[in-house]
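Below is one structure, written out as structure tokens, with a few remarks after it.
The values are calculated or read from the model by the stated rules, or taken from the named source; none is laboratory data. These figures come from a predicted structure and were not determined experimentally. As a convention, Cβ positions derive from the backbone with ideal geometry for all residues, glycine included, and neighbour counts pool all protein chains shown. These area figures cover heavy atoms from the full protein model, side chains too; ligands, DNA and RNA do not enter into them. Shrake-Rupley method; radii C 1.70, N 1.55, O 1.52, S 1.80 Å.
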Amino acid sequence: VARKGYTAMFFNPQTAEFVLEDMRSGERYYSMSPDPAGTLQERSQLILADLDLDGGNIRTKYSANAVVSTRKADNGFQVWYAFQDEQYAVPVEYLLMEDGLRVRVRCDQIVEQGAVNRVASITLLPFLYAQKGYPDGFILVPDGSGAILRLNEDKSFYSSYEGALYGDAYLTVPDYRSEVTENCLLPFVGMQGETGGFFAMAEAGSSAGNVIASVEGQDASASRVCFRFDLRKQQEAHIGNPDSTTAKTVVVNEEGPITLQDVSVRYFLLDSTPETGLKEMAEIARNIVDDQSGGVTAAPDNEVYLTTLGGY
């Protein structure tokens, strides 16, 4: 359906499934698992958290169960994912770039017609280029100064990785922590395979973003990394001593209209191997930072760095 720079896009209008091809290497990037026997989440391009206003419960919905309608757009296509039982629909644009892909959710155009069901969060392309049975690749996550999850280490007994972009919200300080985590200081992730990979940046809506990553055997049959965007927040408040049997947890959900206008992710295709992938990811990240900041210069003696603790 589109060709631009060194990338090409193939598209199935019945299912909204697509494949990107890096014409430099012939490497193909499937938007979801091509295995028809895969699980619902592996065959979904979107995973939604659904808020039930009556009970306050959060439920998981998969685009594999949605009714899709598609239309061609310049350099790509647009998909409406209609969840008929829940009575809402989500519009997503998939646009080919010269070096990859841009995916954008038009949050201000999400239709919610039901009385009790609301969209709480959206996970974009959770299994794009998911790696299965290949032990030498890695996942890049923005944990602290950056961290690598190698695919050849058995982590199936550990929980998958999840981190909020730019760190915790200081307006809601938890009563206790089970572990110490680093803040995600940059909205970047990456996945390296045998003869290719991708580097991704959360663009619009990144302040509502989270990084999700897991290796094969943790929460799915393939290694993956993606972004989740929280369109409506959920907060837990603990009343009483958490070690006491009389302690109570109160969950408060944001129920008003979605305030984000758009969320989007930019994907860059890599012509790399496990030996060169991290260097190529670093070069892309450096170019992005240079473009956004007008160039990195040496810090003068009187430069001040501010961290805001608190909120408005």
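Assorted remarks:
- Accessible carbon and sulfur surface of region 23-113 relative to its total accessible area, %, 1.4 Å: 41
- The modelled label-to-label distance between residue 194 and residue 282, using points 7 Å beyond Cα along the C-beta direction, is 2.7 nm.
- Per residue, in Å², the accessible surface of the chain once ligands and nucleic acids are set aside, probe 1.4 Å: 52
- Measuring nothing but alpha carbons in region 1-46 and taking Rh as the Kirkwood radius, the Rg to Rh ratio lands at 1.02.
- Taking a sphere under 13 Å around the Cβ of residue 212 and counting the other residues whose Cβ falls inside, with K and R at +1 and D and E at -1, yields a net charge of -2.
- Accessible surface of region 214-268, 1.4 Å probe, proportion on carbon and sulfur as whole %: 47
- Net charge, residue 33 excluded, C-beta distance under 15 Å - Lys, Arg +1, Asp, Glu -1: -1
- Scattering curve values for region 230-279, log₁₀ I(q)/I(0), Debye with Cα scatterers, q = 0.24, 0.32 Å⁻¹: -0.95, -1.13
- Equivalent ellipsoid semi-axes, region 59-119, via Cα gyration tensor eigenvalues times 5, rooted, Å: 25, 11, 10
- Of all the options 36, 257, 187, the one that moves most in a Gaussian network model of the chain with Cα springs shorter than 10 angstrom is 36.
- Principal axes of region 1-139: Cα extent on each, largest first, Å: 52, 37, 24
- Restriction of the chymotrypsin sites (Phe, Trp or Tyr not before Pro) in region 116-163 to DSSP coil positions whose beta-carbon has at most 10 other beta-carbons within 10 angstrom yields 157.
- Loop chymotrypsin sites (Phe, Trp or Tyr not before Pro), region 1-73 (other Cβ atoms within 10 Å of the site Cβ: 10 or fewer; DSSP): none
- Mean Cα-pair separation over length for the chain, i.e. relative contact order, pairs under 8 Å, 6 or more apart, %: 16
- Equivalent ellipsoid, region 89-153 (semi-axes from 5 times Cα gyration tensor eigenvalues, Å): 32, 17, 13
- For the chain, the orientation-averaged shadow of the C-alpha convex hull comes to 19.0 nm² (one quarter of the hull surface).
- Alpha carbon centroid spacing (whole Å) that separates region 266-290 from region 101-150: 19
- Translational diffusion of region 185-297, estimated by Stokes-Einstein from the Kirkwood radius over alpha carbon pairs at 20 °C in a medium of 1.002 mPa s, is 125 µm² per second.
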